[in-house]
Amino acid sequence: MYYFNIFILILFIMVGVAFFVLLERSILGYIQLRKGPNKVGFLGIFQPFSDAIKLFTSENMIPYMSNFIIYFFSPVFSLALSLFLWLVFPFLFNLMDFIYGVLFFICCTSMGVYSVMISGWSSCSIYSLLGSLRSVAQTISYEVSLSLILLSFIFLIDSYNFVDFYYYQINIWFFFLSMPLSFCWFSSSLAETNRSPFDFAEGESELVSGFNVEYSGGGFSFIFLSEYSSIIFMSVLYIIIFFGCNLSSYTFFLKSMFICFLFIWVRGTMPRYRYDKLMYMAWKSYLPVSLNYFIFFLGFKCLII
């Protein structure tokens, strides 16, 4: 039953990614005053599945000078890491309960840097290598602020388990206690998942495609799936940390959908950041804010005790 539940979880994540892509393409179409996908099926509802068939059946081009084994397995490794993240989701029954779920989340996001770096390096292309180097610097920088924000709440609730975020937010959400931290977390999530306006790892509108430029067919599909499943997970995690996680209420899923919509809305409205300003914002703006809140939560905890 346990393995069957994990299989159902992965299946629904993949279906959720498919319809999230459809939602993104439709919203971007409305933002840019054009039609989104609306031909395949009723209102284009089967468009993601036709895209998946097209991607997985297209020819898989392999660069002649690439390190084949590493080049082939790095997208699989990236997808596996993004699916591992879902194991820390605070399921209340029939799945594993992580006592150290926060630490597991930080470890998995840190390992995600290696998949991007190895993908760019193993392609033996200067464009993909440059894209992966920019992505590694960006991801490591924003992981510092993400980890400090999580550490602040760990000191506040004295637990590494995401389930405890539900018990401590029954009466009041942490959002009202730490509103600046929630905004820092959201923009750091955009940078962590390589989303616009921080999509320097790919930069579709100015570069060829960044670290995944040499991938096609199934390899590109795996990178695509891992990126979008990470976006959905970061949206859900934002709600768990700042807005409570009452899984028995449909409002939890409505709030998660709204954060997913914000990811798309930001992509459709904001221009790409300059790279030096991105790094300046990480180290000169977000790091001092998260450190100050960390000290504030320590003092707050001492007062309570």
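Just so you know, all these numbers are worked out from the coordinates, no wet-lab data involved. Because the structure is predicted, anything quoted here is derived from the model rather than measured. Note that we place each Cβ from the backbone using ideal geometry, even for glycine, and neighbour counts take in every protein chain shown.
Compared with the dominant principal axis of the Cα atoms in the chain, helix 250-269 is inclined by about 50°.
Mean separation of Cα pairs under 8 Å and 6 or more residues apart, divided by the residue count, gives region 1-113 a relative contact order of 21 percent. The C-alpha atoms of the chain define a longest principal axis, and helix 218-242 lies at about 20 degrees to it.
For the chain, the longest principal axis of the alpha carbon atoms and the long axis of helix 126-157 meet at an angle near 20°. Measure out, as a whole number of angstrom, how far apart the alpha-carbon centroids of region 222-278 and region 52-120 sit. Their Cα centres are 18 Å away from one another.
Take each of the peptides 1-11, 109-119, average the number of other beta-carbon atoms within 10 Å over its residues, and list them starting from the highest. The partial results should precede the final answer.
Working: 1-11: 11.0, 109-119: 20.4.
Highest to lowest by the protection proxy: 109-119, 1-11.
Computed on the chain, with alpha-carbon pairs under 8 angstrom and 6+ residues apart, the relative contact order is 25 percent.
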